[in-house]
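Quick notes on the structure that follows.
Just so you know, all these numbers are worked out from the coordinates, no wet-lab data involved. The shown structure was predicted, so the numbers you read here are calculated from the model rather than taken from an experiment. Using ideal geometry, Cβ is built from the backbone for each residue, glycine included, and neighbour counts are taken over all protein chains shown.
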Amino acid sequence: MNASTTTSTKYEQRTIHNPDGIGKFYMGREIAHVMGHTGAMWLERPSREAEEQPSKIVNALELKPNNVVADIGAGTGYLSFLMAPTLTQGKVLAVDIQPEMLDIINFFKEEKHIDNVEPILATLNSPNLPPESIDLAVMVDAYHEFEYPYEVMEGIAKALKPGGRVALVEYRGENPFIMIKGLHKMTQKQVKKEMQTVGLTWQETKNLLPQQHLMLFIKA
Ligand SMILES: C[S@@+](CC[C@H](N)C(=O)[O-])C[C@H]1O[C@@H](n2cnc3c(N)ncnc32)[C@H](O)[C@@H]1O
């Protein structure tokens, strides 16, 4: 080990690294900075539906009315509130590490008169979900900034009911024409490698979004 590099079993810390990242590497990938709550307006921008077509994600998930869905890295709950109306006998657990994001989710719950979105405060290394409690975990543009991806995914895998699914949406790392910072994109190859490590099996990738891929995994 040289002076500029420290390693743990799963992670490596480097002093020379991309300024958009935290200098911590996991399975060859540098982890990006967390998007702070002051960027909340960006998540709610009116042009988002036209640019990213997030409602297509909800259609593609084939949710059942009684499903319990965890939206991990929920931010302002943009996706949570899109999914909630379909879950007439179920609910969304909107999980985030920033209490300010959960405040916004609580504000929107009242504004939109939607009761079945439950904010949950996570820690950096745990989604704080009970074992075998969720049918599906959704992560939209969030996983690449988890500081402890292995531990969080292990927590998610434990929280899934048998046969439960994970849906991971990230900007396509394979495509250099997608004008998003490199560390905010992921390749399918990298995602598959990281999910396999926590025992999740790739099922399919849906290429229905303009800039992101929607990858589906199942807990065996
Ligand atoms: C770029 S935002 C995306 C928000 C939302 N998914 C959306 O698409 O509108 C990423 C969110 O992930 C959250 N986050 C980062 N690390 C996390 C972790 N370890 N556990 C849960 N949430 C996390 C951040 O606080 C932030 O709100």
- Query: Given H placed 1.01 Å from N in the peptide plane, which residues other than close sequence neighbours of A94 have an amide H under 5 Å from its amide H?
  - Reply: D71, E118, I120
- Note on the structure: With the dipole of the chain defined by +1 on each Lys or Arg Cβ and -1 on each Asp or Glu Cβ, the option from A220, G21, P46 whose Cα lies farthest towards the positive pole is A220
- Message: Taking the Cα centroid of segment 40-61 and of segment 13-33, what is the distance between the two, rounded to the nearest whole Å?
- Response: 28
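Restricting to Cα pairs below 8 Å that are 6+ residues apart, what does the relative contact order work out to for the chain? Please round to a whole percent.
Relative contact order comes out at 17 percent.
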- Message: Please list 3J(HN,Hα) in residue order for segment 40-47, calculated via the Karplus relation 6.51 cos²θ - 1.76 cosθ + 1.60 where θ = phi - 60°; whole Hz, with x for glycine and proline.
- Response: 4, 4, 4, 5, 9, 4, x, 7
- Item | Degrees separating the helix 149-159 axis from the principal Cα axis of the chain, which is the longest one | 30
- Item | In sequence order, calculated HN-Hα J values of segment 56-62 (Karplus, 6.51, -1.76, 1.60; Hz; x Gly/Pro) | 5, 4, 4, 4, 6, 6, 6
- Message: Which aspartates and glutamates, if any, have their Cα less than 12 Å from the Cα of K64, not counting same-chain residues under 8 positions apart?
- Response: D135
- Query: Which of the lysines could a cross-linker span from K219 if the Cα-Cα distance has to be under 16 Å and same-chain partners fewer than 8 positions apart are dropped?
  - Reply: K158, K161, K192, K193
- Query: Taking 0.36 nm per intervening residue step and subtracting the Cα-Cα distance, what contour gain separates N59 from W42 on full extension?
  - Reply: 3.8 nm
- Check A137: other-chain or 5+ apart residues with amide H under 5 Å from its amide H, H built from backbone geometry? A70, R165, V166, A167
- Contour minus Cα-Cα span, R14 to I180, at 0.36 nm per residue, comes to 57.5 nm
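Structure shown: which of K24/K112; K56/K181; K91/K181; K91/K206 lie over 27 Å apart, alpha-carbon to alpha-carbon?
The pairs that break the limit, which is 27 Å between Cα atoms, are K24/K112; K91/K181.
Pull out the extension gain between Q203 and E118, defined as 0.36 nm times the separation in residues minus the alpha carbon to alpha carbon distance; nm, one decimal.
Full extension of this stretch gives 27.8 nm more.
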- Task: Let me know the Rg and Dmax you get for segment 40-81 when you use only its Cα atoms, in Å.
- Result: 11.3, 31
- Starting at the first residue of segment 100-106, write each ³J(HN,Hα) from the Karplus equation 6.51 cos²θ - 1.76 cosθ + 1.60 with θ = phi - 60°, in whole Hz, x for Gly and Pro. 5, 5, 5, 4, 5, 4, 5
